[in-house]
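Encoded as structure tokens, the structure appears first; notes follow it.
Every number in this text was worked out from the coordinates using simple rules, so none of it is lab data. Since this is a predicted model, take the numbers as computed values, not measurements. Heads up, the Cβs are rebuilt from the backbone with ideal geometry, glycines too, and the neighbour counts pull from every protein chain shown.
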Amino acid sequence: MSPAQLKKIHGLILLELGLESLPPTVQEKIIAEVGQNIFMAVQLEIMRVLPESARKEYMRMIEANKPEAATALLQSHIRDVDQFVANIATRTLKEFKELEAAQPA
């Protein structure tokens with residue numbers, strides 16, 4: 001994910017989970033944990049939508065630490081990568097909130 005996407009997701013997590021009033025250290029811990037779940041969800045969805053040949057190339061780019069090339073590859077297969085990531089982040093946060101609401105008090 002790009003730095004801009006990470007910043008947007010950071011803000012989304014703060015807003016959606018109502019973390020604004022918590023101390024920054026607590027916010028960062030929660031954001032890191034939830035953010036990891038979002039990152040994994042994004043990666044899984046990328047693997048689902050990319051054709052097999054592009055998946056292999058994407059993984060090579062990630063393993064070689066070439067984020068710009070990986071982003072360019074994604075942009076050639078996903079119409080609006082930023083919106084794609086935002087949709088997955090929103091869906092993952094919604095699922096997280098539903099799980100939290102289902103927990104007994």
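Write out, first by first residue and then by second, each pair whose Cβ atoms fall under 6 Å of each other, whose residues are 6+ apart or on separate chains, and whose first residue, in segment 1-28, is surrounded by 11 or more Cβ atoms within 10 Å (Cβ to Cβ) while the second is polar (S, T, N, Q) and not in a loop (DSSP other than H, G, I, E, B).
Cβ pairs passing all conditions: L19/Q27.
Out of the residues in segment 50-85 that are among the charged types (D, E, K, R) and assigned to a loop (DSSP other than H, G, I, E, B), which is nearest to the chain's Cα centre (by Cα)?
Within segment 50-85, the match that is nearest to the chain's Cα centre (by Cα) is D80.
Within segment 28-42, how many residues are over 8 Å from the mean Cα position of the chain (by Cα) and not hydrophobic (A, V, I, L, M, F, W, C)?
3
Look through segment 86-103, keep the residues that are crowded, with 16+ Cβ neighbours inside 10 Å and free of Cβ contacts under 8 Å to residues at least 60 places away in the same chain, and return whichever of them is nearest to the chain's Cα centre (by Cα).
I88
Evaluate segment 31-46: report whether one residue or more is in contact (Cβ under 8 Å) with a residue 60 or more places away in the chain, surrounded by 11 or more Cβ atoms within 10 Å (Cβ to Cβ) and not in a helix (DSSP H, G or I).
no
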